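Note sheet for the following structure.
Here, each number is a calculation from the coordinates, and none is a lab measurement. All of these numbers come straight from a predicted model, not from anything done at the bench. Cβ sites come from the backbone with ideal geometry, for glycine too, and all protein chains shown count toward neighbours.
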């Protein structure tokens, strides 16, 4: 491999940190609706079903569909340009969210955020994979995945810091502030990142990636059984995770209306920034270390995490105090972060070199249509269904108990991954070597 194709350790660390910050903004703009749900719902007079649609389907539909053509562009053109434009777009629509005055206006704004965020992860995953070899890829992508808990933490902290005196929450001001900040960050991305060489970690010096027809490469990707099993594993797991996070603050307020809201969001922010982030980092590092001994570990590790999360998640909704919920949620968040790094690494390593952005887009399509589109929407609908026989607190408990059962197909999917991954991993190594062509 030509040495000048490879970034310095210092530069690639800078890129990884910056991309993680951008991913964090992705989740700030996504999570903030769930955190501010009680205030948005009251101000705009929304039902639980409408709230679930805002957090879930209205966002996920455009996020997942638009990601595919954007990924096609990212596999052919400058990923840095695409990422900076996408960040500016979703940040602009985040600011517009704060100006909405009814369900349809805020719904259109959330669709716009989804369109912009579609251009975030596919180019970022591809850039990281061209900077880190497959032996370090789970660790790097696991670090990138820490953008999720750090973004969620920042969303809670932003809410706490921008609250008015006396505990008043001006949700509109929070959205506008976050939107403007994201637009500034988009400029930083454009000015500081360089486009990396595609396939630099796999191919020898003096070679370039063959420009195989798009349909041929797509068929090659979609024929990989372990890729499909990973997609459904992370999709079902995230279905529960998104549903739970969308209604947690609403549940805690119903559980104890006297509990100080500002204290609550600070505690939730700390939990996400420590245990959730720690789970993502620990899971990725363990996957690299355990995976060096057996590739099956990339499936076993997420399956173990899902098995632990199932009873913990249900239990957390049947406790009688906010403090007990927060304690259980802390442990739950540690394990829920574990599956991210191994899953991201599978998506990138199994994909043809010239389909890495598309691999992320396609597995995010499945992930987010099932999880982000389905989880909050399903849970919100279930709460409204159970409210016909129970009060709102009990309805949320019943709805979240049913929702957490979706962890069962998630852990089954990852057990399938552990069984079939070694064969597909080896086949991917052979296929990528065959994609070399002389300059």
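If the chain linking residue 366 and residue 270 were pulled fully straight, counting 0.36 nm for each residue of separation and taking away their Cα-Cα distance, it would gain 31.6 nm.
Highest mean first, the peptides 341-348, 261-268, 63-70, 372-379 sorted by other C-beta atoms within 10 Å per residue fall in the order 341-348, 372-379, 63-70, 261-268. Distance from the Cα centroid of region 31-62 to that of region 225-241 is 24 Å (rounded to whole angstrom). Once the chain from residue 304 to residue 405 is taken as fully extended at 0.36 nm per residue, the excess over their C-alpha distance is 34.8 nm.
Distances between every pair of Cα atoms in the chain, grouped in 10 Å steps from 0 to the bin holding the largest one, split as 5, 23, 34, 25, 11, 3, 0 percent.
Report the paramagnetic label zone for residue 78: residues of region 342-378 whose backbone N is under 19 Å from a point 7 Å from Cα along the Cα-to-Cβ axis. Residues 357 qualify, since their backbone N sits under 19 Å from the label point. Reported value for region 91-157: 95 Å³ per residue, from the convex hull of its C-alpha atoms.
Computed FRET efficiency, Cβ-Cβ of residue 65 and residue 321, R0 41 Å: what is it to the nearest 0.05?
Result of the calculation: an efficiency of 0.45.
Every Cα-Cα pair of region 21-148 was included, and the share exceeding 26 Å stands at 26 percent.
If you plug the beta carbon distance of residue 419 and residue 162 into 1/(1 + (r/R0)^6) with R0 = 45 Å, you get a FRET efficiency near 0.40.
What translational D, rounded to a whole number of µm²/s, comes out for region 268-393 from Stokes-Einstein when the hydrodynamic radius is the Kirkwood one over Cα pairs, at 37 °C and 0.692 mPa s?
For the chosen part, D equals 198 µm²/s.
Against the main long axis of the alpha-carbon atoms of the chain, helix 134-145 sits at an angle near 20°.
Modelled this way, with points 7 Å down the Cα-to-C-beta line, the labels at residue 180 and residue 49 are 3.8 nm from one another. Between 0 and 90 degrees, the angle of helix 392-404 with respect to the longest Cα principal axis of the chain falls at about 20 degrees. In the elastic network of the chain, a GNM with C-alpha springs shorter than 10 Å, the most mobile of 104, 227, 318 is 104. Put in line by how crowded their Cβ is, counting other Cβ atoms within 10 Å and starting with the fewest, 184, 33 read 184, 33. Can you tell me the orientation of helix 9-35 relative to the chain, as the angle in degrees between its alpha-carbon axis and the longest Cα principal axis, to the nearest 10? Relative to the chain, helix 9-35 is tipped by roughly 30 degrees. Computed from label points 7 Å out along Cα-Cβ, the spacing between residue 104 and residue 195 is 4.2 nm.
Neighbour counts of C-beta atoms inside 10 Å place 398, 108 in the sequence 108, 398, starting with the fewest. Build a GNM of the chain with springs between Cα atoms under 10 Å: which of 191, 218, 83 gets the top mean-square fluctuation? Looking only at 191, 218, 83, the biggest GNM fluctuation is shown by 191.
Which value in nm describes the separation of the simple spin-label points at residue 391 and residue 427, placed 7 Å from the Cα toward the beta carbon? With each label point 7 Å from Cα toward Cβ, the separation is 5.6 nm.
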